Each structure stands twice: as structure tokens, then as C-alpha cells.
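Here it is: the structure, laid out below.
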Amino acid sequence: MRAKYMKVDAKCPDQDAIALGGKLLREGRLVAFPTETVYGLGGNALDAGASEKIYAAKGRPSDNPLIVHIARMEDLYPIAAEIPENALVLAKSYWPGPLTMIFPKTDLVPLQTTGGLESVAVRFPSDPVAQALIIAAGGYVAAPSANTSGRPSPTTAQHVMEDLGERIDLILDSGPVGIGLESTIVDFTQEIPAVLRPGFISLEMLTQILGEVKMDPGLLKDDPDVRPKAPGMKYRHYAPKASLKIVEGRETDVVRWINEQAEQAGAEGKKVGILAASESADAYDFGEVICVGSRSEEEEIARHLYDALRRFDSLGVDLIYSEAFDTPRMGTAIMNRLLKAAGHHCIRV
Ligand code: AMP
Ligand code: MG
């Protein structure tokens, strides 16, 4: 099966495309669509068979639950059994938007959608195409990132085509996404709300509204004995094909060290990729340098990260060195994805 491909206007989605997407989803088929975070692979969240198809298309482990996307606040109540008051306050500030909240689930949500868990992750995206499609599908769309499991998440429809073009029914293309990293996940099934995955909505933004918020201990360490509460966070993820190492330290030391390594690797006939900020990109003399943006524009770095990791694949590099990007607000989310892509290989120079 080759996916049908349709371009849609990002702000005023074409009604034919939305109607076709909605029809396919109601029939239990799979449709990839843009959201403000990354492209999603959608299936009807209330149809166990559709969720099983999502896992199969992505090659996703079946214990890695899917996020259910809604597009009307009232659609939250039939799927979430208990919703704490502070979650509703948070929703007032950040929904629609790049925030996922976890609640105990009702029987309406099949266990196939939640990877066997009794809780459900819910997001209300702000993207107009996503919203129109969710409504056309009947209100509930399960949508993990539309990539082959383990690869960098897709930030353009072309990325989706590369990974899933032969495995799904329709791809809606409204151009590159705005944020480029997956949503912040907050778990409300615990006494104190906990961040299970960092994203555009930072810990500080959450704390301002909720007061006390924890970071899931599994996020802070790469320790096999501390299991992350979001099952998906235990898998190697977001990874390019070549092995990736993050190099930390003062900018001049990092540049010197990477230059030495790249020169040596080049002499051995290996092709090296270097992921750099615009401030230092010109200082590299060897290898294939990809600039993700300026350190003073952290949203630009987030938006370009996955595309850069995929471009190294097309360049056929043998190994990749990346600068660290501990930027003020999104740095936690950027470094979380980069560390996972690197299998936590980090070198301090
Ligand atoms: P993706 O769909 O690729 O953005 O990944 C979704 C993430 O949400 C994964 O890391 C999942 O493990 C996590 N997730 C989804 N539902 C739940 C849940 N009920 N409890 C904990 N984590 C969840
Ligand atoms: Mg994903």
C-alpha cells in the first residue's frame, strides 16, 4: 500500500482532505497529520484494532502507550475517570497546546491504546489541521509520532513518507511543524504531579501554576534500576543510524577536541558528522557540519534537531559528534532527546 498524499493549508485546512482523513480514521485506518509538536500517526483511539495497526506500522513495542488526542474540552470527561482540579487549571493555560496529561482511564479506552495500562495520556493540540481531523474522526485520535520506532520523530511530511509511506493510508502535509519536539507529559495519577517527558512547556511554567511538580526519577539518570514511568522513555529513541556522541565543555575546548577527532577519523577514511550551533559552526575544519541554529534562539534549535539527525543519515556519516545545548528554557527537553539519541554517550572535555 502506498499512502495517498495531500497538501493542506496550515491555517484553513482543505475540507476534502479533512473529510477523507476523518472517513479513513472512522473505518479503522491510519492517517499521518501535522501537529504543532511533530507529525502524528493517527488511528481511532477507541478502536482496539486501529491501535494495533499503529504499533505494527511503527514497529513500536506494544507496552509503549499511545497519546489520545482530543479537540474539544468536553471530550476529556468520557475517557478520564478522575481529573484533579489543578489539571483543569493547567488545561486553561496550556490547552490547546504542547501538553499531555495522564489520568486514570475509563472503560471507553481500550487497553490496546494504553499499552495495557489503566491510565490514559490525553492531549488537545493547537494545530488547526489536527483539530479539524480529530473532529472529523469522531473526537478521539491515538497518535504517536509518525516515525519508524527508534528513529528521529518527523517534523515534515517528507520524513513521514520516508518511514511510513508504504504502511499507512494517507499523509496530510501542511509544511514543517512549529515546535519540533514532542509534548511535555505530566502525570496526574500520582499525589504530586510528575513530568514524565520534558517539552516546550518547561518545569518552571508548570510550577507557576501547579506549585509542587516532580521530575520523574527515571528521566534524571540512565540507570537500568530506575525505570521511567512513561514506558516509552526507556527505549533508545530519536536515533540516527550512525553512532552519536555528545561533547560537553567550554566552547573552545569542545571545538578543538571535535576537530582533532574529526581529522583523525578522516585520515582513517571515516566520514564524521558534527552537530553545532551557529556560534561555533564555522570553527570546524573537518567533516560534515550541520548547524541547528543559534544558542540565543533555543526554539530554532528544537525545531531543527530531528531534521539534522535525519540529514546525517542521508549524508551516510559513520559517526557524529554533537555539541551540548543546555539552553535556558527548552534545554532540558533538547538534551533529553539528544542524550537518548546518543544512548547517553557523553564526553566531557
Ligand atoms: P509518542 O507517542 O511517540 O510521543 O510517545 C508517547 C509517550 O507517552 C511515550 O513515552 C509513552 O510511554 C508515554 N505515555 C503514553 N501514555 C502513557 C501512560 N498512560 N502512562 C505513562 N506514560 C504514557
Ligand atoms: Mg515517538
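Could you grab me the full set of residues in the range 143-195 that are under 15 Å from Val38 (Cα atoms) and basic (Lys, Arg)?
Listed by number, the list holds a single entry, Arg151.
Here are the criteria: (1) part of a helix (DSSP H, G or I); (2) β-branched (Val, Ile, Thr); (3) over 16 Å from the mean Cα position of the chain (by Cα). Tell me which single one Val247 does not satisfy.
Val247 satisfies every listed condition except (1).
For the range 278-287, indicate whether the set of residues that are under 25 Å from Gly180 (Cα atoms) and touching a Gly at 6+ places or on another chain (Cβ under 8 Å) is non-empty. Break it down into steps so the answer makes sense when it comes.
If we filter the range 278-287 for residues that are under 25 Å from Gly180 (Cα atoms), which is where we start, we get 278-282.
This time we only want the ones that are touching a Gly at 6+ places or on another chain (Cβ under 8 Å), so: 278.
So far as the range 278-287 goes, yes, one or more of its residues are under 25 Å from Gly180 (Cα atoms) and touching a Gly at 6+ places or on another chain (Cβ under 8 Å).
Here are some residues: Pro61, Pro34. Which one is closer than 24 Å to Met1 by Cα, within 16 Å of ligand 2 (Cβ to nearest atom) and modelled with pLDDT under 95?
Numbers: Pro34 fails: modelled with pLDDT under 95.
None of the others qualify; the one that does is Pro61.
Exactly one of (1) in contact (Cβ under 8 Å) with a residue 60 or more places away in the chain; (2) within 16 Å of ligand 2 (Cβ to nearest atom); (3) in contact with a helix residue (DSSP H, G or I) (Cβ under 6 Å, 6 or more places away or on another chain) is unmet by Pro125. Its number?
Against the list (1) in contact (Cβ under 8 Å) with a residue 60 or more places away in the chain; (2) within 16 Å of ligand 2 (Cβ to nearest atom); (3) in contact with a helix residue (DSSP H, G or I) (Cβ under 6 Å, 6 or more places away or on another chain), Pro125 comes up short only on (3).
Sticking with this structure for a sec: Step by step: first the residues of the range 181-192, then only those that are surrounded by 24 or more Cβ atoms within 10 Å (Cβ to Cβ) and in a loop (DSSP other than H, G, I, E, B), then the one that is farthest from ligand 1 (Cβ to nearest atom). Which residue is that?
Step one: filter the range 181-192 for residues surrounded by 24 or more Cβ atoms within 10 Å (Cβ to Cβ), giving 181-186.
This time we only want the ones that are in a loop (DSSP other than H, G, I, E, B), so: 181-183.
Numbers: Leu181: 10, Glu182: 4, Ser183: 7 Å.
Per the stated criteria, the residue is Leu181.
Suppose we keep only residues that are more than 16 Å from ligand 2 (Cβ to nearest atom) and modelled with pLDDT of 95 or more within the range 191-201. Which one would you say is nearest to the chain's Cα centre (by Cα)?
First pass over the range 191-201, keeping only residues more than 16 Å from ligand 2 (Cβ to nearest atom): 191-195, 201.
Add one more test, that the residue is modelled with pLDDT of 95 or more, and what stays is 192-195, 201.
Details: Ile192: 24, Pro193: 21, Ala194: 18, Val195: 15, Ile201: 13 Å.
My answer is Ile201.
Which pairs do you get when a residue that is in contact (Cβ under 8 Å) with a residue 12 or more places away in the chain, found in the range 203-217, comes within reach of a residue that is small (Gly, Ala, Ser) and open to solvent by less than 80 Å² (accessible area, probe 1.4 Å), reach meaning Cβ atoms under 6 angstrom, with the pair 6+ apart or on two chains?
Close Cβ pairs (under 6 Å, with a partner that is small (Gly, Ala, Ser) and open to solvent by less than 80 Å² (accessible area, probe 1.4 Å)) amount to Ile209/Ser93; Lys214/Ala194; Asp216/Ala194.
Consider the range 1-22. How many of its residues are surrounded by fewer than 19 Cβ atoms within 10 Å (Cβ to Cβ) and of a type in the set (Val, Ile, Thr)?
Qualifying residue count for the region: 0.
Could I ask something else about it? Could you tell me whether any residue of the range 147-164 is charged (D, E, K, R) and within 15 Å of ligand 1 (Cβ to nearest atom)? Before the answer, list the steps.
Keep residues of the range 147-164 that are charged (D, E, K, R), which gives 151, 162-163.
With within 15 Å of ligand 1 (Cβ to nearest atom) added as a condition, the list becomes 151, 163.
Yes, some residue in the range 147-164 is charged (D, E, K, R) and within 15 Å of ligand 1 (Cβ to nearest atom).
Would the range 194-213 turn up any residue that is open to solvent by 20 Å² or more (accessible area, probe 1.4 Å), part of a loop (DSSP other than H, G, I, E, B) and hydroxyl-bearing (Ser, Thr, Tyr)? Don't jump to the end; show me each part of the working.
Going through the range 194-213, the residues open to solvent by 20 Å² or more (accessible area, probe 1.4 Å) turn out to be 197, 200, 203-205, 207-213.
Next, only the ones that are part of a loop (DSSP other than H, G, I, E, B) stay: 200, 211-213.
From the residues that got through so far, the ones that are hydroxyl-bearing (Ser, Thr, Tyr) too are none.
The answer is no, given that none of the residues of the range 194-213 is open to solvent by 20 Å² or more (accessible area, probe 1.4 Å), part of a loop (DSSP other than H, G, I, E, B) and hydroxyl-bearing (Ser, Thr, Tyr).
Also: Of (1) under 21 Å from Gly343 (Cβ atoms); (2) open to solvent by less than 50 Å² (accessible area, probe 1.4 Å); (3) small (Gly, Ala, Ser), Ser243 satisfies all except one. Which?
Failing condition for Ser243: (2).
Residue by residue through the range 250-262, note down the ones that are of a type outside the set (Asp, Glu) and open to solvent by less than 40 Å² (accessible area, probe 1.4 Å). Working first, answer last.
Filtering the range 250-262 down to residues of a type outside the set (Asp, Glu) leaves 250, 252, 254-259, 261-262.
Matches in the range 250-262: Val254, Val255, Ile258, Asn259, Ala262.
Considering every residue within the range 183-199, establish whether at least one is in contact with a Gly (Cβ under 8 Å, 6 or more places away or on another chain) and hydroxyl-bearing (Ser, Thr, Tyr).
yes
The values are calculated or read from the model by the stated rules, or taken from the named source; none is laboratory data. These figures come from a predicted structure and were not determined experimentally. Ideal geometry is used to build each Cβ from the backbone, glycine not excepted, and the neighbour counts take in all protein chains shown. What goes into the accessible areas is simple: the full protein's heavy atoms, side chains included, and nothing from ligands, DNA or RNA. Shrake-Rupley method; radii C 1.70, N 1.55, O 1.52, S 1.80 Å.
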